[in-house]
Amino acid sequence: MKFGRTTRKTVAVLALLLVFGLLRTPLESRMTEKFVASGLITEVSTSQLSSAVGQSTVLAVLGGLRPLVAIYLTLHAFDAWSYREWDTVERDYRLITTLLPEDIDSWKTGAWHMAYNASASALYDDPDIPEAVGKKNSRDWILKGIEFLKRGIEQNPDSSTLHQELADIYRQKLEEPCLAARHYKLAMEGDRPRSFVPRFYGYFLARCPGREREAYDFLMELYHQGEKQRLPTLISRIKELEEKLDVPATHRIPDPDPDVEILKKYPHAKPALP
Amino acid sequence: MSEAANAETEERTVPRVPLFSPGRIWVLTMSTFTQLVRMKTFYFLIIFAVLVAAASNLNLLYTPAQKLRMLKDASFGAMSIFSWLFAIAATAVLIPRDLEDRTLYTILAKPVPRLEYLLGKLFGVLLTIGVALVVMQVLFTGFLFFREVTVLAAERQALEAQGGMSPEDIQAQLELIRAQGVQWQLLYALVAIFLKAGVVAAVTMLVSTFASSTLFTMIVATIIFLVGHFHKLAAGYWLHELGDSLVAKLVVKPVIMIIPDFRVFNVTENIVGGTPVTTGAMLALVGLALLYMAVYSAVALYLFIDKEF
Amino acid sequence: MSVPAVEVRNLTKVFPLSLKKEYLVAVEDLSLTVNAGEVYGLIGPNGSGKSTTMKVVLGLMAATTGSTKVFGIESRDVRSRHQIGFLPENPYFYKHLTGFETLKFYGRLCGLRGRELKDRANEMLALVDLEVARDRRLGGYSKGMLQRIGLAQAMIQRPRLVVLDEPTAGVDPIGSRQIRDLIFKLKEDGISVFLCSHLLEQVQEVCDRVGIIANGRMWREGPLHELIAIEDQTELVLRDASPALLERIRNLVASDSGGAELVRSGHPRTTLERLFLDIVRESREAKAKEDREKQASKGAKK
């Protein structure tokens, strides 16, 4: 009778779907693996997210709305930045980069907030905090920025930008020329490095004790590449090294012509007539 | 008149009705499309336009590439939400509404096989989603293009004014921005959204052939949709906890097998982000989506074919 | 002899009741025939199985046992539907379509296209007197107008059989009359009509043959004039008869040696209605008796 038929149909439908599931699962798993490997799908650690943003957001993330959640967090971080709530900014950027690990700009912006904005704020924004504590807090924020960028580099090892950012922090915030040089070198080897990166590598290698000879050879190599590389800083850095390394006069590069130099800097300026 | 002549007359008056007619499916598809359009569903496009306009005018102090990416993410996020929400709601509403209004009786009392009715409804929903997505894509591309041109001009000017950068550096910087601008690849993202919506619509149609109400269909389809995004992840945990127990064998494993795996369709996010996608990968995705739609529609037909009204 | 428009043979339809192993027999061993070109009325109280029978004929439901054919084609065969035009009870069509679009939609489903479709839709609008509302959406139609557009869509592909389920339910007397006139028109054109109705007066007016169904069974079926004729009775209908004349007739009958008796006198009534009520009463009594017997046999088994 009908009841029997309904049961039979239900069982048949479940069996059909089950068989389809068994057939498609290996295919889907292979596709998913390939997509993850080629960067088309990002697998997000949900356990980390759920404690920070709640279950419903996790569902949105899993449901294909990952970038929308990232936008929300970006706006949230922007708001927190305007109120100088640095812990919130840090938390938001950690989440954003969990959601969009391939987004170089998010790693860069997060690190910039920590190493530059939060560290400066720790020094100057609260006059009640003793100077020593402020300095310590400021340094902690710089180190957080560095740690953050290193995680970004782990996720995007070929990114020239992230290495360059890291080198910039070592250079500007910690005044560590050796570390800066190391990361400018890595930036040079990365994906689409900016043209100034090799020069910066040379400049800061020159400041790294014990590596002056290496720096001199490298900068000379750049110098011989032609006019394009012969910027005032490069020339002055080579001059410094010539002195330091006691390079024979015959091997030294000529002094720059001040008129030519000024024209390089201000191409519209007319040269002063003798 | 002789009996033979009589039989011949009868034969002539019995019209030839094709057992499968793409023409009839098209009639039902267009009727469903008109129905959905006249239900004012395209008003969503106005909301979308406002959203894209707002997103393209967000001037947070971020890099130009980030500004473009944010516009793309917001737009594709909205398209994504619209497509699956619409796929569930529209598909869940159509068949029960036809039944309640007895329109189903008048349609099935015409020479319309039930397969054609189901396909007509499904294709109608897909056509509506497709048209809406194309309109949204055109709107969005317009905004993105305008934004890209503005941002590039501003960036070029800023970089040149700043000085100290070679033309190659400036070009490289602008290329990074262009990579987040209008790209052919964004069409693949659109296709991926459509494919996912197609699978969601097929699943919803299957549910609606046995569900007792629209609300039930919507709830069940939404649960399947959500569970379909994480059950493979959760399965690892459940099966680890349950081990080789009877519950694992009889409940968890079969449920995981029965519910579709939607994760694989989440490629949109990264395609929009700029990850390159091959034609092979897209074809594989199209194939999988078609397979899903075919199997779920076939099962829906199996339930619907002798359903009594 | 031509193939009957509808042929129902020993139809039984059983519905399960919830998940319990209980069943409702909606139609039991029902047979009927609608000959080509005739108007057949199936009448019965609510829940008697009329709509179920109709749905099985239309292929919307499957028979549990027995068979139904339309012009010789099994009802489950989709081709049988090309010969049928169906108007359900209280129809609602797509509110978003205009009258003209509605007819075009149903016409296209039947394979009509282009000029032919357009002409036929206009012809149907004229037939049901809805030309003025041609481009108005059905959301703004009255009940009577919906019923008429329903009839027009049923007729769009020139079917040889029109199935009408309570065609005048909820329609005002004028609308009801229009529909009745349309049924006459169909009959004139040689189209078979199979209708279910509560309105006995209307059935009596338009139907050639009638079947009376109650509790899922066919109780009486045949040409209307035969059904309502009582063979051993004779009716005299008098105009302006005085009480004295009636008294004399009564006395005359009483004095008849042949055993004639006066059954009743009074104003004539709709005889189909009387027949219908008698049958319903009879069927209810039979059902009650059956139930009592079932109870008794259950008790005996225990």
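The values are calculated or read from the model by the stated rules, or taken from the named source; none is laboratory data. Computed from a predicted structure; not experimentally measured. Every residue, glycine as well, gets a Cβ built from its backbone with ideal geometry; the counts of neighbours run over all protein chains shown. With ligands, DNA and RNA removed, areas are computed over all heavy atoms of the protein, side chains included. Shrake-Rupley method; radii C 1.70, N 1.55, O 1.52, S 1.80 Å.
Quick notes on this one:
- Cα-projected label distance for C:R274 with B:M30, points at 7 Å along beta-carbon direction, nm: 5.8 nm
- Rounded to 10°, Cα long-axis angle of helix B:167-178 versus longest principal axis of chain B: 30 degrees
- Relative contact order of chain B: 25 percent, from C-alpha pairs under 8 Å at least 6 residues apart in sequence.
- On Cα atoms only, tilt of B:214-242 relative to the major axis of chain B in degrees: 60 degrees
- Counting only cysteine Cβ atoms and a cutoff under 4.7 Å, the protein assembly as shown contains unmatched residues C:C110, C:C196, C:C207.
- Antiparallel DSSP beta bridges within the protein assembly as shown, as percent of all bridges there, nearest 5: 55 percent
- Rounded accessible area of A:H224 (nearest 10 Å², 1.4 Å probe): 130 Å²
- Label separation (B:V135 vs C:R134): 2.9 nm, computed from points 7 Å beyond Cα along the C-beta direction.
- Principal-axis tilt of helix B:114-162 within chain B, Cα atoms, nearest 10 degrees: 10 degrees
- Residues B:A161 and B:V50, FRET efficiency given R0 of 25 Å [Cβ-Cβ distance, rounded to 0.05]: 0.15
- Each Cα pair under 8 Å and six or more residues apart adds its separation to the average, and for the stretch A:83-216 the resulting relative contact order is 18 percent.
- Note on chain C: helix-only mean residue ellipticity at 222 nm, from DSSP H runs of 4+ residues weighted -39500 (n - 2.57) and normalised by residue number, equals -12500 deg cm²/dmol.
- GNM flexibility winner over chain B from B:G23, B:G163, B:G287 (Cα, springs under 10 Å): B:G163
- Ignoring aspartates and glutamates fewer than eight residues from A:K136 along the same chain, none have Cα atoms less than 12 angstrom from its Cα.
- Members of C:K55/C:K287; B:K307/C:K287; C:K69/C:K143; C:K143/C:K287; C:K69/C:K95 lying beyond 27 Å, as alpha-carbon distances in this model show: B:K307/C:K287; C:K69/C:K143; C:K143/C:K287; C:K69/C:K95
- Between B:R178 and A:D217, the C-beta separation translates, for a Förster distance of 22 Å, into a calculated FRET efficiency of about 0.05.
- In nm, spacing of pseudo-spin labels at B:Q185 and A:V247 (7 Å Cα→C-beta vector): 4.3 nm
- Taking the stretch C:200-229 and a reference point 7 angstrom along Cα→Cβ of C:E290, the backbone N atoms nearer than 14 Å belong to C:213-220.
- Selected from A:Y83, A:Y93, A:Y201 as most flexible by GNM, with chain A as the system and alpha-carbon contacts under 10 Å: A:Y83
- Loop-located GluC sites (Glu not before Pro) in the stretch B:112-189, at most 13 other Cβ atoms within 10 Å (DSSP): none
- Cα-based reach from C:K118 at 19 Å (exclusive), listing aspartates and glutamates while leaving out same-chain residues under 8 positions away: C:E101, C:D129, C:E131, C:D135
- Estimated FRET transfer efficiency when R0 is 60 angstrom, pair B:L290-A:L123 (beta carbons, to 0.05): 0.50
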